[in-house]
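Asks: Once you've had a glance at the structure underneath, I'll fire off some questions.
Readers should treat all values here as calculations from the given coordinates under stated rules, not as data from a laboratory. Note that the structure is a prediction, hence the values are computed from the model and not measured. Every residue, glycine among them, receives a Cβ derived from its backbone with ideal geometry; neighbour counts consider all protein chains shown.
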Amino acid sequence: MVKASFCIRENSASFTVKGHSGYAEEGSDIVCAAVSSAAIMTVNTATEILGEKGNARVEDGFLQFEASGKPARDMIMGLKLHLEGLSEEYPDYVTVTTEV
């Protein structure tokens, strides 16, 4: 299962995505591909396009990103909405939590 957790503050945010969905075998798992692609796009857009400063850590089945600045926070909020939609569509494969 993919587990995504978010921490959204006024001018900063972070997220962690970890695990593999198990929806299908590696190489044809559309759920894992959707989550991975959206998470990487969020990091790349925040840092490379918007120029936000952030810290990313990537390992097999793990991505963590934290950034300050409203544009990066808004990007992360968009990722959260996207993954919540995937969680509704594939509840056995994706969970989303928000830290307070």
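Asks: Farther than 11 Å from VAL17 by Cβ, acidic (Asp, Glu) and crowded, with 16+ Cβ neighbours inside 10 Å: does that describe GLU66? Spell out the reasoning first.
Replies: On the way: farther than 11 Å from VAL17 by Cβ: yes; acidic (Asp, Glu): yes; crowded, with 16+ Cβ neighbours inside 10 Å: yes.
So GLU66 passes the test.
Asks: In segment 48-56, is there at least one residue being among the β-branched types (Val, Ile, Thr), assigned to a helix (DSSP H, G or I) and touching a residue at least 24 places away in the same chain (Cβ under 8 Å)? Can you show your working first?
Replies: Narrowing segment 48-56 to residues among the β-branched types (Val, Ile, Thr): 49.
From the residues that got through so far, the ones that are assigned to a helix (DSSP H, G or I) too are 49.
Filter once more, keeping what is touching a residue at least 24 places away in the same chain (Cβ under 8 Å): none.
Within segment 48-56, none of the residues are among the β-branched types (Val, Ile, Thr), assigned to a helix (DSSP H, G or I) and touching a residue at least 24 places away in the same chain (Cβ under 8 Å).
Asks: Then there's this: When the residues of segment 33-63 are filtered to those that are more than 11 Å from the chain's Cα centre (by Cα) and surrounded by 17 or more Cβ atoms within 10 Å (Cβ to Cβ), which remaining residue is farthest from SER87 (Cα to Cα)? It would help to see each step written out before you state the result.
Replies: In the first step, residues of segment 33-63 are kept if they are more than 11 Å from the chain's Cα centre (by Cα); the result is 33, 44-61.
Subset that is surrounded by 17 or more Cβ atoms within 10 Å (Cβ to Cβ): 46-47, 52, 54.
Numbers: ALA46: 23, THR47: 26, GLU52: 28, GLY54: 26 Å.
Checking each candidate, the answer is GLU52.
Asks: If you don't mind, another one. Confirm whether THR16 is in a helix (DSSP H, G or I), surrounded by 14 or more Cβ atoms within 10 Å (Cβ to Cβ) and of a type in the set (S, T, N, Q). Before the answer, list the steps.
Replies: Numbers: in a helix (DSSP H, G or I): no; surrounded by 14 or more Cβ atoms within 10 Å (Cβ to Cβ): yes; of a type in the set (S, T, N, Q): yes.
Against the criterion (in a helix (DSSP H, G or I), surrounded by 14 or more Cβ atoms within 10 Å (Cβ to Cβ) and of a type in the set (S, T, N, Q)), THR16 does not qualify.
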